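*Asks:* Submitted below is the structure of interest, expressed as structure tokens.
Please treat every number below as a calculation from the coordinates, not as lab data. Since this is a predicted model, take the numbers as computed values, not measurements. Backbone-built Cβ (ideal geometry, glycine too); neighbour counts: all protein chains shown.
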Amino acid sequence: MKFKLIFILFNIVIIVSFLAIYLMPLIMVDWGHAKLFWGRNWGLPLLFLAVIGLLDAYFVVNWKMFTLLEREDWPALIDHLERRVYEKKMIVSQHVRILVNAYLVRSDLKSIRKLENFVREHRPSMLSRFGLAFGVPYLLENDAERMEGYFCRFIDMKGNDGAWMRFNYAFALILRGDGKGAEAVLAGVCNEKTEPVLTLLSIYLLHSVRPVADHAAIVEEKRMDLKKKFTRERWLREVERSKNSVHVVILQRLIEEATDWLHAENGSDDRTDEKRIH
């Protein structure tokens, strides 16, 4: 749907909804009671105008950004947002999020790193909010030490993003040859409530480092839970659904290996060792 059409429909719906509510007394009761209702609520039209004015002002201020986004004109969109962020210091979540996604579309990892450093310097409180997005270059460059150094800063984050941060940190440790260090981190992730794809990746990597007995039991328990819940066909649909996350796309090859391991007869594919992870 075109952006201009959305803007027009939004205003029509809001205005019609307000008029329907405000004029309801005239339809439901007589003129005298309607006048009494309007007299007591004379401020409602002013409040409505103020709210719709603010919402429309937001659309107008960001009109160019939305238009370029609709056209998928990535160079022009990037240029527009870079002027806002770098020159005008308008470092807001929406600008940063769209700018990172535009860089990803153009595979411009260098610019993502530049934006990360700029946010770190000027809005450090926002850094953790985009920690996963800013971590994409570290995953793609496959530099284990830099990857570890980046993700270790976020291992105490809460929620789903925090679980992904801890997984990425453990992945970096494995790439660096520190299987034991990764084991403790992965065991923690396995005990968190996470999305199925991340659960599988965590137990798969934990399995690959040949964990101690307690952790091996966790791996088998989680594996059997996933296997009972997902047939192979249903699992592939779950992976496809999860591809709105760039990390799932980046780790696609590892997910395919983990999927084969999940649906193996005994879950002990000899190929799943640290050499294969490398």
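*Asks:* Based on alpha-carbon positions alone, could you give the equivalent ellipsoid semi-axes of region 108-235 from the gyration tensor, as √(5λ), descending, whole Å?
*Replies:* Details: eigenvalues 162, 51, 33 Å².
Equivalent-ellipsoid dimensions as semi-axes: 28, 16, 13 Å.
*Asks:* Return the label of the correct value of Rg and Dmax of the Cα atoms in Å, as calculated from the structure shown, out of (i) 23.1, 93; (ii) 17.5, 52; (iii) 25.6, 85.
*Replies:* Answer label, from the structure shown: (iii).
*Asks:* Separate question: When a footprinting reagent is the concern and you count Cβ atoms within 10 Å, what order do Thr194, Thr67 take, fewest first? Don't skip to the answer; put the middle values down first.
*Replies:* Values: Thr194 20, Thr67 16.
So the residues, fewest neighbours to most, are Thr67, Thr194.
*Asks:* Fewest Cβ neighbours within 10 Å first, please rank Trp235, Trp74, Trp63 accordingly.
*Replies:* Working: Trp235 20, Trp74 16, Trp63 13.
Fewest-to-most ranking of Trp235, Trp74, Trp63: Trp63, Trp74, Trp235.
*Asks:* Please list the non-local residues whose amide H lies under 5 Å from the amide H of Asp73, H modeled 1.01 Å from N, same-chain partners needing a gap of 5 or more.
*Replies:* Counting only residues 5 or more places away or on other chains, the set is empty.
*Asks:* Something else: Which residue, Ile78, Ile250, Ile112, tops the fluctuation ranking in a GNM of the chain built on C-alpha contacts under 10 Å?
*Replies:* Ile250
*Asks:* Quick check: pseudo-label points 7 Å beyond the Cα along Cα→Cβ at Lys158 and Phe7, how many nm apart are they?
*Replies:* So the two model labels end up 3.9 nm from each other.
*Asks:* Any idea which of Ile112, His80, Ala258 is furthest toward the positive side of the dipole for the chain, if Lys and Arg beta-carbons carry +1 and Asp and Glu beta-carbons -1?
*Replies:* Comparing the listed Cα positions along the dipole, His80 ranks first.
*Asks:* In debye, nearest 20: dipole of region 1-104 around its Cα centre with unit charges on the Cβ of K, R (+) and D, E (-)?
*Replies:* Numbers: 11 positive and 8 negative charges, 37 e Å.
For this selection, approximately 180 debye.
*Asks:* Same structure, new question: Could you give the dipole magnitude of the chain about its Cα centre, charging the beta-carbon of Lys and Arg +1 and that of Asp and Glu -1, in debye to the nearest 20?
*Replies:* Working: 40 positive and 36 negative charges, 200 e Å.
Roughly 960 debye, rounded to the nearest 20.
*Asks:* Then there's this: Rank the residues Lys2, Lys114 as a footprinting-exposure proxy: fewest other Cβ atoms within 10 Å of their Cβ go first. Mind dumping the intermediate values first?
*Replies:* On the way: Lys2 9, Lys114 14.
So the residues, fewest neighbours to most, are Lys2, Lys114.
*Asks:* Rounded, prolate or oblate: which fits region 1-61, taking a ≥ b ≥ c as square roots of the Cα gyration tensor eigenvalues, rounded meaning a/c under 1.5, else prolate when a/b beats b/c? Don't skip to the end; give the middle numbers.
*Replies:* Working: a/c = 6.89, a/b = 2.09, b/c = 3.30.
Oblate, since a/c reaches 1.5 and b/c is not below a/b.
*Asks:* Also, quick follow-up: For every helix of n ≥ 4 consecutive DSSP H residues, a contribution of -39,500 (n - 2.57) applies; sum these over the chain, divide by its total residues, and give [θ] at 222 nm rounded to the nearest 500 deg cm²/dmol. Can you show the working numbers first?
*Replies:* Values: 19 runs with 206 residues, N = 278.
Calculated at 222 nm, the ellipticity per residue is -22500 deg cm²/dmol.
*Asks:* Would you look at the GNM of the chain, springs on alpha carbons closer than 10 Å, and say which of Ser245, Ser17, Ser208 moves the most?
*Replies:* Ser17
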